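In what follows, a single structure is set out as structure tokens and then discussed.
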Amino acid sequence: MSLKLQIEDDIKTAMRAKDKDELRALRAIKSLILLAETEKGHDGEMMPETELKILTKAANQRREALEIYRQQGRDDLAEKEEAELKVVERYLPKQLTEDEMRAELQKIIQQTGASGAKDMGKVMGSASKSLAGRAEGKTIADMVKSLLNQMG
């Protein structure tokens with residue numbers, strides 16, 4: 001089942017359950033899907049990579065808003081963002097633990113033949129593709145930097 005159909009089914013379920021937070025999050029995801037479908041050059045069927053990018057973007061937006069609301073002491077808004085983030089995360093692949101990510105990145109470093117910090121771009125290109133949706137970009141970059149600095 002495509003992400004769009006899954007979201008539409010889940011919207012109906014959330015409407016019946018009168019779950020406002022879930023409904024708001026699902027409608028936001030559907031909106032992003034519809035925007036992606038109507039982009040210039042889109043041919044109809046959405047690829048899984050595109051769906052993953054949409055979900056990752058939605059999760060990142062909520063994480064950023066959550067952080068800002070917490071800094072400003074707006075717990076009411078932070079709770080809404082946190083609830084929406086949990087809904088979005090249900091559709092994302094399972095996130096890697098720190099140890100799992102370190103192991104994956106060490107494999108990628110070996111495969112790319114990286115020997116130090118100068119090879120950061122080479123490693124990040126490969127790591128971003130293989131870990132897409134399973135780890136946040138900033139977290140990947142921080143760990144790659146740390147691992148490469150240990151080498152050199």
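Bear in mind these aren't lab numbers, they're just calculated from the coordinates by the rules spelled out. These figures come from a predicted structure and were not determined experimentally. No Cβ is skipped: glycine too gets one built from the backbone with ideal geometry, and neighbour counts run over all protein chains shown.
Legend: residue pairs Lys20/Lys80; Lys30/Lys53; Lys57/Lys86; Lys94/Lys118; Lys57/Lys138; Lys94/Lys129, Cα-Cα distance threshold 20 Å; pairs beyond threshold, Lys94/Lys118. In region 20-113, one over the average inverse separation of all distinct C-alpha pairs is 15.3 Å, which is the Kirkwood hydrodynamic radius.
Arrange the peptides 112-125, 66-79 so that the one whose residues have, on average, the most other Cβ atoms within 10 Å appears first.
Values: 112-125: 14.7, 66-79: 13.0.
Highest to lowest by the protection proxy: 112-125, 66-79.
Which of these, Glu45, Glu98, Glu136, has the largest mean-square fluctuation under a Gaussian network model of the chain (Cα springs below 10 Å)? Greatest mean-square fluctuation among the candidates belongs to Glu45. Among Arg63, Arg90, Arg16, determine the one that fluctuates most according to a GNM of the chain built with springs between C-alpha atoms less than 10 Å apart. The residue with the greatest mean-square fluctuation here is Arg16. With R₀ fixed at 22 Å, the C-beta to C-beta distance from Asn149 to Arg63 puts the FRET efficiency at about 0.25.
Report Rg(Cα)/(2.2 N^0.38 Å) for region 8-57, keeping two decimals. Don't jump to the answer; show the numbers that get you there.
Values: Rg = 12.3 Å, N = 50, 2.2 N^0.38 = 9.7 Å.
The value comes to 1.26.
Rounded to the nearest 10 degrees, the inclination of helix 3-17 to the longest alpha-carbon principal axis of the chain is 50 degrees.
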